[in-house]
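Quick notes on the structure that follows.
The values are calculated or read from the model by the stated rules, or taken from the named source; none is laboratory data. Because the structure is predicted, anything quoted here is derived from the model rather than measured. For neighbour counting, all protein chains shown are included, and Cβ atoms are generated from backbone atoms with ideal geometry for every residue, glycine included.
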């Protein structure tokens with residue numbers, strides 16, 4: 001099989017951009033490609049566990065990090081739309097329209113990507129800045145910095161920034 | 001001639017991002033490249049016919065789809081700026097400044113791209129979700145899904161997400 | 001040394017997106033890559049000199065160009081965050097969190113990129129539209145149009161639009 005590699009930097013945490021990234025990743029994985037989604041800045045949100053996570057020791061969060069953590073959504077369910085968000089109404093509308101069209105939900109796209117062995121990577125520098133600990137992120141992901149991303153990108157034939 | 005291929009995913013419907021996409025596409029086409037612009041989500045707006053389009057039979061639009069259709073701009077003329085939109089004043093300012101600088105208008109860039117055989121592709125999944133029918137989009141475009149996009153991208157040496 | 005080429009179109013002038021672009025550029029340059037950052041539209045802001053710049057003769061700015069010039073930030077210090085900007089509080093918060101995490105500031109990233117010979121290119125068409133003169137932009141940069149960008153991209157193996 002002629003497998004090629006794809007990388008996506010997921011910088012955005014907007015519902016619609018995350019959806020686009022996951023649709024591309026699932027499509028490529030279905031065609032036998034090796035896909036890496038490098039989650040950085042707001043893109044890290046999709047890797048956050050929902051609910052309270054007990055701190056596993058380690059350094060305490062700063063006030064700023066607690067603020068970022070408190071304001072940024074956890075997981076895919078609370079993401080807002082990049083356009084026409086209309087006081088939070090946009091994403092639910094898009095969800096409903098997607099369901100009516102028989103499309104996969106954001107959560108189904110995410111689970112499907114994991115099942116198809118899409119590599120989700122948490123950007124360690126963004127984690128340090130925003131104060132996200134490994135135990136606050138979901139299982140089955142990798143932790144890498146920009147050098148590792150560039151290594152993947154050098155081997156890939158399609159590299160997108162979303 | 002040594003023609004290479006370029007693809008652009010046009011996710012955004014912002015005036016300035018669409019302008020950037022069309023400038024790159026025109027430049028590449030002028031250099032003999034085969035260019036595909038895959039319009040998805042808000043990028044579909046530039047492919048919409050202006051004015052009312054009689055429905056060609058087929059399934060009726062849902063209320064949600066009518067709402068999306070009513071709120072999203074038709075064609076390039078109503079697009080807003082991504083930054084400094086200032087109650088809709090941003091795009092007209094950018095248009096005026098572009099004209100004064102002797103640059104091509106968004107409509108001229110779009111027509112030029114069509115004349116240079118840039119392929120405009122409407123993402124069929126986005127169409128299904130937002131409820132856009134083929135007869136509501138302009139003539140001379142193609143209709144494809146993510147697998148077809150990936151096929152183009154695999155053959156291209158520059159792939160951008162805008 | 002096996003040097004490869006990377007290009008980034010920096011369209012955005014958002015603090016966080018500029019930061020992402022500079023982190024990638026510095027990482028690639030540190031690995032021996034030849035990196036070009038093509039600054040267009042709002043991305044031009046990072047190349048603007050701070051303070052008043054005496055006009056070097058040439059054509060006078062139009063009122064519109066003066067308005068764009070007056071509203072758009074000069075240099076990296078005044079950029080706002082793309083998300084959670086909260087009346088301008090977002091970028092200072094991100095700066096503080098970055099410093100606390102031992103990360104490089106936006107200005108350090110920019111200086112480091114220049115020292116590592118990352119090529120900063122000002123898009124001449126954007127300059128014409130927004131009315132930015134060469135003397136208003138910092139020294140040590142290049143001035144090119146879309147054709148030159150495409151030339152770089154054709155030689156590169158990673159091309160991002162940020």
### Message
So for the range A:47-57 (the condition being touching a residue at least 24 places away in the same chain (Cβ under 8 Å), facing another protein chain (nearest Cβ under 10 Å), in contact with a helix residue (DSSP H, G or I) (Cβ under 8 Å, 6 or more places away or on another chain) and surrounded by 16 or more Cβ atoms within 10 Å (Cβ to Cβ)), does at least one residue qualify?
### Response
no
*Is it the case that residue A:137 is within 14 Å of another protein chain (Cβ to nearest Cβ) and modelled with pLDDT of 95 or more?*
no
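Yes or no: residue C:9 in a strand (DSSP E or B), facing another protein chain (nearest Cβ under 10 Å) and within 17 Å of the chain's Cα centre (by Cα)? Can you show your working first?
On the way: in a strand (DSSP E or B): yes; facing another protein chain (nearest Cβ under 10 Å): yes; within 17 Å of the chain's Cα centre (by Cα): yes.
Yes: the conditions hold for residue C:9.
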Against the definition (free of Cβ contacts under 8 Å to residues at least 24 places away in the same chain and either within 30 Å of residue C:159 (Cβ to Cβ) or in contact with a strand residue (DSSP E or B) (Cβ under 6 Å, 6 or more places away or on another chain) (or both)), how does residue C:85 come out, yes or no? yes
Taking the range C:62-74 and keeping residues closer than 28 Å to residue A:82 by Cα and without any contact (Cβ under 8 Å) to a residue 40 or more places away in the chain leaves C:67, C:70, C:71, C:74
Per the filter on the range B:142-157, residues more than 10 Å from every other protein chain (Cβ to nearest Cβ) and surrounded by fewer than 17 Cβ atoms within 10 Å (Cβ to Cβ) are B:142, B:143
In the range C:118-129, residues that are assigned to a helix (DSSP H, G or I), surrounded by 20 or more Cβ atoms within 10 Å (Cβ to Cβ) and more than 7 Å from every other protein chain (Cβ to nearest Cβ) total 2
Of (1) assigned to a helix (DSSP H, G or I); (2) under 20 Å from residue C:142 (Cβ atoms), residue C:37 satisfies every one except (1)
Of the residues in the range C:102-117 that are within 12 Å of chain A (Cβ to nearest Cβ) and not in a helix (DSSP H, G or I), the one that is surrounded by the fewest Cβ atoms within 10 Å (Cβ to Cβ) is C:102
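Looking at this structure, is residue C:32 more than 10 Å from every other protein chain (Cβ to nearest Cβ) and out of contact with any strand residue (DSSP E or B) (no Cβ under 8 Å at 6 or more places or on another chain)? Lay out the reasoning, then the answer.
Details: more than 10 Å from every other protein chain (Cβ to nearest Cβ): yes; out of contact with any strand residue (DSSP E or B) (no Cβ under 8 Å at 6 or more places or on another chain): yes.
So residue C:32 fits the description; yes.
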Selection from the range C:40-66 of residues outside any helix (DSSP H, G or I) and under 15 Å from residue C:122 (Cβ atoms) yields C:40, C:48, C:49, C:53
query = Among the residues of the range B:88-101, is any farther than 21 Å from residue B:134 by Cα and more than 14 Å from every other protein chain (Cβ to nearest Cβ)?
reply = yes
Given the conditions (1) within 14 Å of chain B (Cβ to nearest Cβ); (2) surrounded by fewer than 17 Cβ atoms within 10 Å (Cβ to Cβ), every one holds for residue A:60 apart from (1)
Note: among B:69, B:75, B:27, just one is in a helix (DSSP H, G or I), surrounded by 14 or more Cβ atoms within 10 Å (Cβ to Cβ) and away from chain C (no Cβ under 11 Å), namely B:69
